[in-house]
Amino acid sequence: MTMLIIADDLSGAADCAIAFASAGLSTVVTLDAAHDIGDASVVAIDTDTRRLSQTQAGARTLTAFQTLLKPGQRLYKKIDSTLRGNWAVEVAALAPYAGLAIIAPAFPATGRTTLQGKVLVNGQPLESTDTWKLEHADRSADIASMLQEVGLCVATLTLKTLRGDPAVLAQHISSVANSEVRALIIDAQISEDLQTLARVTAAMAEPLFWVGSGGLARELAALPELACASGQAPIAAREKHAPTLVLVGSLSSVSERQCAMLKERTSIGELIVPPAVLRQGISHGDWAGWGMRIGQYLRRGDDLLLRIGRDEAFDPAEGARLSTLLAAMVRPHFAHVGGLVATGGETARAMLGAVGIGSLQLLCEIEAGVAFGHPITGRDGHRPGVVTKAGAFGTDHALYAAWLYMNNAVEPAQYTAGSDLNPALQGKQS
């Protein structure tokens, strides 16, 4: 199976694509359709459309599809499991060309499920979560309504049908695909639900494409026919990288906890750049001083946790701009970076773009949703290891696990009990 994955942010593209890299397929994440992607079996593109207008997002998504899709290649439209961004209009742009949209945002392993066409986060309605309230205020999170608003005819597949006879399920989806319905919303509460969906839909001849988070992607990548063809990907061998720059643009409570564990368990230094400095940019009186502090850490070979601060003027909509300016502050010193850990898709994209890294060859997954890879090309031949992770995603252990991996370090015995580090990586830090 070869796959084109279209995502609206960089960490999401990597989170989805890493499942295929782990299954042994050559997998590349690119920031632009024009960048070199070689002969990769799986290509994931970050269209960077989350904060665009609906018209712009739909057009850019369709252009990526028409530019990159190869004959025989399947399409996966990666969406956020909490429905952020312009995902509905992007699906509507693809549907006339790609067939029935199989809408399955559930990711049970991370607490995201779908029931009666609505997303639940750890059993609670999506609308009640801080993430939704921060970005969407009083908007409805009803999947069908969001799709109908962009002109798609919608149906829902219940758990009863999904968990019934596979032949009946396939016939039901086939009937829907040959009707006026263009989007089929899938209820899913456990990983086995997504396994069933992947197995049945991958074998169907009707034109269709998948619309989901990293959950469904993992089940597609785990299909027996793909595993038999590719085998298990080895753990990526690498040299020790020092210093490691951990760049955190996300202000989520998840990221706060991850940063706290990283600082508690390592000797990493920390700098928190005030948003006021970034807003004003190079003209701010303290800009040069902050850049100098960053450079001092990296030139000494010291690992650094670099974060964007928060103040009363903070607006979630300015996240991309602040990330771009933080990347500009780091750029003169990036040649000293041996490994980059970037939390938040906008932050990762801004940093890679600032230093001329356009594509990543994904190699392995450190823990769920934490992807490691190497640039295909880099400015002046500089190709540091790169880890990406969504901001509001992962265990408290995620950044610490990434730091361990980058530094060829083994977790001390006092911390290993109950650790969430990928078992395949423990004891394989060479």
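The values are calculated or read from the model by the stated rules, or taken from the named source; none is laboratory data. Since we're looking at a predicted model, the values are computed, not measured. Don't worry about glycine lacking a Cβ; one is built from the backbone with ideal geometry, like all the others, and counts go over all protein chains shown.
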Take region 299-321 and flag every residue that is assigned to a helix (DSSP H, G or I) and among the acidic types (Asp, Glu). Glu318
If you go through region 265-294, how many residues are aliphatic (A, V, I, L, M) and either assigned to a strand (DSSP E or B) or farther than 21 Å from Phe334 by Cβ (or both)? 4
Tally of residues being touching a Ser or Thr at 6+ places or on another chain (Cβ under 6 Å), crowded, with 23+ Cβ neighbours inside 10 Å and of a type in the set (Gly, Ala, Ser) across region 41-61: 1
Considering only residues that are surrounded by fewer than 21 Cβ atoms within 10 Å (Cβ to Cβ) and touching a residue at least 40 places away in the same chain (Cβ under 8 Å), which ones fall in region 283-299? Trp287, Gly291, Gly295
When you scan region 28-41, do you find a residue that is assigned to a loop (DSSP other than H, G, I, E, B) and within 24 Å of Pro125 (Cβ to Cβ), even just one? no
Taking the condition under 25 Å from Ile79 (Cα atoms) and either of a type in the set (Asp, Glu) or out of contact with any strand residue (DSSP E or B) (no Cβ under 8 Å at 6 or more places or on another chain) (or both), does Arg321 pass? yes
Tell me yes or no: at least one residue of region 85-107 is closer than 22 Å to Thr388 by Cα and of a type in the set (Val, Ile, Thr). no
Give me the pairs: first residue in region 118-147 and modelled with pLDDT of 90 or more, second residue surrounded by 18 or more Cβ atoms within 10 Å (Cβ to Cβ) and assigned to a helix (DSSP H, G or I), beta-carbon distance under 6 Å, and six or more apart or on different chains, which are they? Val119/Leu126; Leu126/Trp132; Met146/Ala88; Leu147/Ala88
List pairs: first in region 202-220 and over 19 Å from Leu169 (Cα atoms), second among the polar types (S, T, N, Q) and part of a helix (DSSP H, G or I), Cβ under 9 Å, 6+ apart or cross-chain? Ser213/Thr110; Gly214/Thr110; Gly215/Thr110; Gly215/Ser191; Arg218/Ser22; Arg218/Ser191
Between a first residue in region 153-168 that is touching a residue at least 40 places away in the same chain (Cβ under 8 Å) and a second residue that is assigned to a strand (DSSP E or B) and surrounded by fewer than 17 Cβ atoms within 10 Å (Cβ to Cβ), which pairs have beta carbons less than 9 Å apart while being 6 or more apart in sequence or on different chains? Leu159/Leu115
Hey, among Ala398, Ala354, Ala392, which residue is buried (at least 23 other Cβ atoms within 10 Å of the Cβ) and touching a helix residue (DSSP H, G or I) at 6+ places or on another chain (Cβ under 7 Å)? Ala398
Condition (residue is in a loop (DSSP other than H, G, I, E, B) and either crowded, with 22+ Cβ neighbours inside 10 Å or among the hydrophobic types (A, V, I, L, M, F, W, C) (or both)) applied to region 87-104: is it met by at least one residue? no
Selection over region 82-111 where residues are farther than 14 Å from Glu219 by Cβ and in contact with a strand residue (DSSP E or B) (Cβ under 7 Å, 6 or more places away or on another chain) yields a count of 12
Mind checking which residues of region 300-330 are surrounded by 21 or more Cβ atoms within 10 Å (Cβ to Cβ) and not hydrophobic (A, V, I, L, M, F, W, C)? Asp303, Arg307, Gly319, Ser323
Matching residues, region 326-384, being farther than 26 Å from Gln296 by Cα and of a type in the set (S, T, N, Q): Ser359, Gln361, Thr377
Looking only at region 283-314, and only at residues there that are among the hydrophobic types (A, V, I, L, M, F, W, C) and modelled with pLDDT under 95, the one that is nearest to the chain's Cα centre (by Cα): Ile308
